[in-house]
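Written below as structure tokens is the structure these notes are about.
The values are calculated or read from the model by the stated rules, or taken from the named source; none is laboratory data. In this text, all values refer to a predicted model and were calculated from it rather than measured experimentally. Heads up, the Cβs are rebuilt from the backbone with ideal geometry, glycines too, and the neighbour counts pull from every protein chain shown. To get the accessible areas, we keep the full protein, side chains included, count just its heavy atoms, and leave off ligands, DNA and RNA. Shrake-Rupley method; radii C 1.70, N 1.55, O 1.52, S 1.80 Å.
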Amino acid sequence: MMKFISKTAILTILVCCTTLIARAQIGFDFSHYEIGFGAGFNQVHGDAQTQTTTPSFHLNLTYNPTPFVNIVFEAQLGRLAGGDSLKTSSGRQFTADLTAFILRGQLQMGEIVDYSHSPFNNAIKNFYVSAGVGYAVSHITNINRYSIKPIAGLYTPGVLNSQEPFIPLRIGYEFKVFNKYDQPAFKIDIGYGYNFVLSDNLDGFASGSHFDAYSQFTLGVKFAFGGDIVSYRKQITY
């Protein structure tokens, strides 16, 4: 009888301890892996005198060492355009197809601030900065190199196809949506990126002493996947 009571007591203690540990982890767990997609609005800052907004779409895979430190691989497909052949003095105007690949690290404020007792810090914990490396392939589909007025005959040389490395810089904010276990189930990402191209060939024109760049406003969504659920050192949601 005593042996039965002892076994029952030990079992009860183990169950209680397990329950307490499980409850203690609510709000601490997250997934290492995410898959996402989104859309962007691009503008080229190059040799054309005016900017045109064009669309792009992206797919990404993310590895999360922590909920607030992310390594993102992204593929982008879209269009670039700019200039006006009739209303600018240079006459430069172009459209291009864009394919880009980006690998970047992302640091969110939650990794470096204590947000457990500060409503302000809790609000900004999902704000992030990001930088990395990229590779852009631009194929010019339509271009005007001649000035019609006021400088008749002015010609701007350049290439129709380019493959260029670039440096992506980005700021943004992730809205984390949690499941019933207080784990981040999916995220809505709003960001602004500025991509420094290491050449003057992205827009098809070679003019001046400055390299090209293109900026993007993006909106995307990411979903946690896989069974690799791990615990963070502090509670993720408050």
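Things worth noting here:
- Test for residue 217: is it open to solvent by 50 Å² or more (accessible area, probe 1.4 Å), assigned to a strand (DSSP E or B), in contact (Cβ under 8 Å) with a residue 60 or more places away in the chain and closer than 24 Å to residue 95 by Cα: yes
- Of the residues in segment 111-129, at least one is in contact with a Leu (Cβ under 7 Å, 6 or more places away or on another chain), assigned to a strand (DSSP E or B) and closer than 18 Å to residue 65 by Cα.
- Residues of segment 141-166 satisfying the condition of being charged (D, E, K, R), open to solvent by less than 90 Å² (accessible area, probe 1.4 Å) and either more than 13 Å from residue 94 (Cα to Cα) or without any contact (Cβ under 8 Å) to a residue 12 or more places away in the chain (or both): 164
- Qualifying residue in segment 91-102 (condition: out of contact with any Gly (no Cβ under 7 Å at 6 or more places or on another chain), free of Cβ contacts under 8 Å to residues at least 40 places away in the same chain and open to solvent by 60 Å² or more (accessible area, probe 1.4 Å)): no
- Any chance residue 77 is at pLDDT 95 or above, touching a Ser or Thr at 6+ places or on another chain (Cβ under 8 Å) and open to solvent by 80 Å² or more (accessible area, probe 1.4 Å): yes
- Residues in segment 130-153 that are modelled with pLDDT under 95 and either touching a Gly at 6+ places or on another chain (Cβ under 6 Å) or not in a loop (DSSP other than H, G, I, E, B) (or both): 146, 147, 148.
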